[in-house]
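Here's the structure we're looking at; comments come further down.
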Amino acid sequence: MDGLILASECDVANEVICAPANVNELFFNSHAWFTVGGLAFTRTSFLIFLAAALSVGFLFFSLRKGSLVPGRLQTMGEGVVGFVRDDLGRSIIGPEGDRYLPYLLSLFIFILIGNLFEVTPLVNFPITSRMAIPLFLSLVTYVIFVVVGFKKNGFRYVFDIAWPKSVPVALRPLVGLIELVSTFALRPITLAVRLFANLVAGHLMLTLLLGSGVIFVAAIGDIGAKAGLGVIWFAVGMGIFVFEIVVAILQAYIFVLLSAVYIQSSVHPEH
Amino acid sequence: MLEGNIEVLKGAIALVGYGLAAIGPGIGIGIVVGNAISAMVRQPEMQGVARTNMFLGIAFTEALALIGFVLFFIA
């Protein structure tokens, strides 16, 4: 209760944390650096291009020479490629996994860099916490696994999902309906929301804890000894900062893992 | 303080809803990880498979809690 009263005091004094009057304010181009034909170029857009450039640059410079005794960068590049190829591509999709390696690899590196922006000092903003990016990436995965499913199995792909052979006949309509909805409607949504919500939650926690820590300590002249609370919050925030590094890597891994599983379910639908 | 002001209650109800949505996945993730660990201890040679499937199970279970989290902002 003491903390609540304290927080309202600080809010009045500093007006640092403010809610937009209307959600539409978020979509106006008030934060745009410049606009190109009605499209605003914001900090987020810049970070998207930066993440893409970093992904391409990392792969290009780490694997350019391919020397027999790898340097530091080449070891890192080969480690990432080997990890995605063996642990995600081949072990889940099977021998055909190599066909999807370029997609999985670029997906993994792009999401990983986008997530790690969250814990990069001076950037502190994960681009994957803007719904557009996870949604777009999950729709690409969606298109790939649906197209592959139709290409490999023809219309039996949908039929096998809607009429599962491994279930007793009486239950097949029900299970088939659930499977249809979960495969074609829920998969892209949950795939996108999982990444988005994890990063938003982390970003929110870091902003609240570190931000209020700084505000409290800065307001030491007004609130006196109560400013000590800010130190505690800042310490908790630093603990969560480390936790968020793990989350960033884990969520990139899980997104690519699920993409591979979905593609696998189209390549070998009987499993 | 609350007379007729439903807006005050709205955020609180959304918070309670998120809390309820987190119970099931919390238990579920506990079961998934616990069983994965006992599988890894019993058969260390299957560790890689167990770990991959553990993350898959966590991801599917966690989705429910995360949908609750997103609904908290939409509501």
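Quick look at the values:
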quantity	calculated
Highest-first arrangement of A:247-258, A:104-115, A:201-212, B:46-57, where packing means the average Cβ count within 10 Å	A:104-115, A:247-258, A:201-212, B:46-57
Phi to ³J(HN,Hα) by Karplus 6.51 cos²θ - 1.76 cosθ + 1.60 over segment A:184-198, Hz, x for Gly, Pro	9, 10, 7, 4, x, 5, 5, 4, 6, 5, 4, 5, 4, 5, 4
Estimated FRET transfer efficiency (B:SER38, A:TRP33; beta-carbon r; R0 51 Å; 0.05)	0.45
Rounded to whole Hz, the Karplus (6.51, -1.76, 1.60) HN-Hα couplings of segment A:167-178, x for glycine and proline	10, x, 4, 5, 8, 4, x, 5, 4, x, 5, 4
FRET efficiency, 1/(1 + (r/R0)^6) with R0 25 Å, evaluated for A:LYS152 and B:ARG51 via beta carbons	0.30
Under 5 Å, built H, 5+ apart or other chain: amide partners of A:THR120	A:PHE125
On Cα atoms only, tilt of A:132-153 relative to the major axis of chain A in degrees	10 degrees
A:ASP160 paired with A:VAL217, simple spin-label distance in nm, labels 7 Å along Cα-to-beta-carbon	5.9 nm
Extension gain, A:MET205 back to A:ALA132 (0.36 nm per residue minus Cα-Cα distance, nm)	24.2 nm
Rounded FRET efficiency, nearest 0.05, which uses the C-beta distance separating B:ALA22 from A:VAL175 and R0 of 41 Å	0.90
In degrees, nearest ten, helix B:6-42 long axis to first principal axis of chain B (Cα)	10 degrees
Under 5 Å, built H, 5+ apart or other chain: amide partners of A:ARG130	none
For chain A, Kirkwood radius (reciprocal of mean inverse C-alpha pair distance, Å)	21.9 Å
Space enclosed by the convex hull of the alpha-carbon atoms of chain B, per residue, Å³	69 Å³
Helix-only [θ]222 nm of chain A, DSSP H runs n ≥ 4, -39500 (n - 2.57) each, per residue, nearest 500	-22000 deg cm²/dmol
Highest to lowest packing among A:75-87, B:60-72, scored as the average C-beta count within 10 Å	B:60-72, A:75-87
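Every number here is computed from the coordinates shown, using simple stated rules; none is lab data. Not measured: the values here are computed from a predicted model. With ideal geometry, Cβ positions are generated from the backbone for all residues, glycine too; neighbour counts draw on all protein chains shown.
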